[in-house]
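Chemist: Attaching a single structure in structure tokens format; questions to follow.
The values are calculated or read from the model by the stated rules, or taken from the named source; none is laboratory data. As the structure is a computational prediction, the values presented were derived from the model and not from experiment. Ideal geometry is used to build each Cβ from the backbone, glycine not excepted, and the neighbour counts take in all protein chains shown.
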Amino acid sequence: MADRPILYTPHQVGLRIGISRRSVMRAINSGQLPAVRSDRGHWQVRRDDMLAWSGRTPTEAAKAVFEVMGASNLAQSSAQSEIEALCRVIERQQDELQAVRAAAAATAEDLLAAKLRITELEARVATDTAWREAWQSREDERGKSGWFGRIR
């Protein structure tokens, strides 16, 4: 297996050299600190680049904090933050789902009202047609009345 370089997240770099994560991100964004993005889009800094950029070895306090936290705690905090992010995504999707359901219910109500209106109009047209046909048949039976009826 090829030797892979030791990579740190901006948070880990900050802990190692005793500065904030935001300061590390500013250095990455300005190009002062070389970093690469992982497959998941997270920034990663090589150990050699971190040491060259800082010009010093990790401070004793930062080193102690890193050793106390340990890699397992960092992995747990990373997993916890991913879980929290996924929970926020799920909550957002549930809100969107409720909005879609409400819109679908409103659309279904509108559709039902439109179908009811169509049925009412069809019944009215049928009634009007029946009345018109009845009137015409009555006129045909009676023939013309009045003065015009006598002219034949």
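To keep it simple, each residue is scored yes or no on (1) in contact with a strand residue (DSSP E or B) (Cβ under 8 Å, 6 or more places away or on another chain); (2) at pLDDT below 90.
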| site | (1), (2) |
| --- | --- |
| 11 | no, no |
| 25 | yes, no |
| 36 | yes, no |
| 42 | no, no |
| 48 | no, yes |
| 56 | no, yes |
| 67 | no, yes |
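The rows are residues; the columns are (1) in contact with a Cys (Cβ under 6 Å, 6 or more places away or on another chain); (2) at pLDDT 90 or above; (3) surrounded by 10 or more Cβ atoms within 10 Å (Cβ to Cβ); (4) basic (Lys, Arg).
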| residue | (1), (2), (3), (4) |
| --- | --- |
| 101 | no, no, yes, yes |
| 121 | no, yes, yes, no |
| 134 | no, no, yes, no |
| 137 | no, no, yes, no |
| 141 | no, no, no, no |
| 146 | no, no, no, no |
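Chemist: Kindly indicate whether residue 97 is hydrophobic (A, V, I, L, M, F, W, C), within 30 Å of residue 41 (Cβ to Cβ) and modelled with pLDDT of 85 or more.
Modeler: So residue 97 passes the test.
Chemist: To continue, here is another question. For the stretch 1-53, give me each residue that is under 17 Å from residue 78 (Cα atoms), hydroxyl-bearing (Ser, Thr, Tyr) and not in a loop (DSSP other than H, G, I, E, B).
Modeler: 8
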